[in-house]
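For reference, the structure is listed below as C-alpha cells.
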Amino acid sequence: MPDLPPLRLTGAEILYENGLHRDAISIAGGRIATSGGREIDLSGYRILPGIIDLHGDGFERHMAPRRGAVDSPAAGLAGLDAECAASGITTAVLAQFWSWEGGMRSPEFAQTLAQALHGAETLTAMHLQLRVETHMIDTLDAMLALVRQAGISFVVWNDHLPHKHLAAGKRPPGLTGQALKAGRSPEDHATLLAALHANGARLEAALAPITAELAALGVRMGSHDDNTPADRARFRALGADLCEFPETEAAARAAKDAGEPVIMGAPNVVRGASHSGKVAAEALIAAGLVDALVSDYHYPTLARAALKLVPAIGWAAAWGLISSGPARVMGWRDRGRIAPDARADLVIMDGQGRICGTIAGGRVSHLAGALAARMLA
C-alpha cells in the first residue's frame, strides 16, 4: 500500500511525552519527520499518538455476527480494520483463545485466524495473542507448533474451568449453553471438563517444558485473572512476567513490586467498576499500579477511558496508558509516541473528543467530517 505524500500538519495541539504543545509535525515515508511536506492547517484539533491495543477479543463479532454464523476470517478482518481505525487504534493485538470452549475459541480456529492474518493487508498493524487454557495439556505441543509456524510472540495463560463445581461433582452453571456453542452434547462437554479438571495434578510438570520453549523463542508470556500474589508467583516461576487483568489490588501490587507490567481493561474504567465485581481499574491507576489499558471486548472504550482519566491525571499520563505504556510493555520502540523517525501512527481528535482521523504507519485508515474536507482541500 502506498504511503501518504509528505505532509506538514500545522496549528494543532500535539501530545508529546511531556504534555500538549501547539506545534507542527511532518510525515514522510510512513514516519514522523522534522520538516517538509504540503501544509495542512489543523487548528482546533489535537494530534495524539496512535492507540496500541494489547488485548482485544471484540474481533469475534466480526468473525461471527451471530452464534454459528462464522464468516470468512478475511472478510471479518476487513470490518475489524475499519472499526479499529475509527477507534483510533493503529496497532491491535487480537486475543485469540486456545480453549475447550470450542467454536471460534478452539485450537482449530486459532490456526485458521493465524493463517488469515498472515495473508491480510490491513491498515491497522495486527498481531496475534494466544490465550491458552492451562489444563489443555494434551494440546500444548500443537500450540507450540503454531507459535513457531505463525511467528506468534505473545502468549497468555488462562484457567477458566469451573473448578469449584467440578471438584464437588456438580454440574457447572451454563453448561448446556457452553456445550451448544462448542458443538457438543451437554454430556460430552461435562465429560471433557471433568477430564481437564483432573489434569491439575500434572499441570506444573506439563507446563514447565512448554514455557521454557516459548521463552527460548522470545515469546512474551503473561497470566490472566490473577487473584492472589501466590497466583502471580506461580506464573512468574514459569516465565510469565506480565499480569493481565488482576482481580485484586494485592495481585496487581505483587506484580509491580516484582517489576512486572500490569494491564487492565478500558471498559472497567468507562463503567467505573468491573462488570464481574473484581477490583476497579481506576483504583489501581490512582495507586500507580497500571501500565496499560486494553480494549478487552469493546474497541471504542480505549479512547473513552483515556478521556475520562484526563481530569485526574492529565493528558500525557491518561493517553500514555493506551499508547506509550503498551509500547513499553512489549518493547516496541518505534511506536506509541510522537517523535522523529517513529512510525507515523496518529489520532486526530476534535475539541469535542471525537476521533475524526487516524493515520497508521503513514496511511490514512480513518477520515471523517470537517477534517476530511480540510485534509482533501
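When the chain is fully extended, how far beyond the present Cα-Cα distance does residue 180 get from residue 202, taking 0.36 nm per residue of separation?
Residue separation times 0.36 nm, minus the Cα-Cα distance, leaves 5.0 nm.
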> Once Rh is set to the Kirkwood radius over Cα pairs, what Stokes-Einstein translational diffusion coefficient, in µm²/s, holds for the stretch 231-377 at a temperature of 20 °C and a viscosity of 1.002 mPa s?
Replying inline: 130
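Treating only the Cβ of Lys, Arg, Asp and Glu as charged (+1, +1, -1, -1), what charge dipole size does the chain show about its Cα centre? Round to the nearest 20 debye.
480
Counting only heavy atoms of the protein chains, get the accessible area per residue of the chain (1.4 Å probe) and round it to a whole Å² value. The partial results should precede the final answer.
Values: 15460 Å² over 377 residues.
For the chain, the solvent-accessible area averages 41 Å² per residue.
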> When Rg is the radius of gyration of the Cα atoms in the stretch 41-192 and Rh is its Kirkwood radius, what does Rg/Rh come to?
Replying inline: 1.05
> For the chain, which whole-number percentage of the solvent-accessible area (1.4 Å probe, protein heavy atoms only) is attributable to carbon and sulfur atoms?
Replying inline: 52
> Using the C-alpha atoms of the stretch 263-302, what convex hull volume per residue, in cubic angstrom, is computed?
Replying inline: 58
>> Just to confirm the number: angle between the C-alpha axis of helix 73-86 and the first principal axis of the chain, 0 to 90 degrees, nearest 10?
In response: 50
> For the stretch 131-248, what is the convex hull volume of the alpha-carbon atoms per residue, in Å³?
Replying inline: 118
> Between residue 10 and residue 217, 0.36 nm times their residue separation minus their Cα-Cα distance comes to what?
Replying inline: 70.1 nm
> Pick from 166, 321, 146: which is most flexible by mean-square fluctuation in a GNM of the chain where alpha carbon atoms under 10 Å apart are linked?
Replying inline: 166
> Tell me, in nm to one decimal, what length is gained between residue 228 and residue 159 on full extension, where the rule is 0.36 nm per residue of separation less the Cα-Cα distance?
Replying inline: 23.4 nm
>> At 222 nm, what value in deg cm²/dmol follows for the chain if DSSP H runs of at least 4 each add -39500 (n - 2.57) and the sum is divided by all its residues, to the nearest 500?
In response: -11000 deg cm²/dmol
> With springs only between Cα atoms under 10 Å, which of 191, 90, 134 fluctuates most in a Gaussian network model of the chain?
Replying inline: 191
> Among 346, 96, 224, which residue has its Cα positioned farthest towards the positive end of the charge dipole of the chain, with +1 placed on the Cβ of Lys and Arg, -1 on the Cβ of Asp and Glu, and the dipole taken about the Cα centre?
Replying inline: 346
> Just for the Cα atoms in the chain, what are the lengths along the principal axes, largest first, rounded to whole Å?
Replying inline: 68, 43, 37
> Hey, rough spin-label estimate for residue 276 and residue 191, points 7 angstrom out along Cα→Cβ, what's it come to in nanometres?
Replying inline: 2.8
> Given H placed 1.01 Å from N in the peptide plane, which residues other than close sequence neighbours of residue 366 have an amide H under 5 Å from its amide H?
Replying inline: 358
> Residue by residue through the stretch 100-107, which ³J(HN,Hα) values in whole Hz follow from phi under the Karplus form 6.51 cos²θ - 1.76 cosθ + 1.60 (θ = phi - 60°), with glycine and proline marked x?
Replying inline: 6, 5, x, x, 6, 10, 8, x
>> Just to be sure I understand: with springs between alpha-carbon atoms less than 10 Å apart, which residue in 41, 341, 188 has the highest mean-square fluctuation in the Gaussian network model of the chain?
In response: 188
>> Explain nothing, just compute: Karplus ³J(HN,Hα) = 6.51 cos²θ - 1.76 cosθ + 1.60, θ = phi - 60°, for every residue of the stretch 160-166 in order, whole Hz, x for Gly and Pro.
In response: 9, 5, x, 4, 4, 6, 5
> Considering every Cα-Cα pair within the stretch 1-116, what fraction, in whole percent, is farther apart than 16 Å?
Replying inline: 70
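The values are calculated or read from the model by the stated rules, or taken from the named source; none is laboratory data. Predicted, not measured: the structure shown is a model, and the values here were computed from it. Using ideal geometry, Cβ is built from the backbone for each residue, glycine included, and neighbour counts are taken over all protein chains shown. SASA here: full protein model, heavy atoms, side chains in, ligands and nucleic acids out. Shrake-Rupley method; radii C 1.70, N 1.55, O 1.52, S 1.80 Å.
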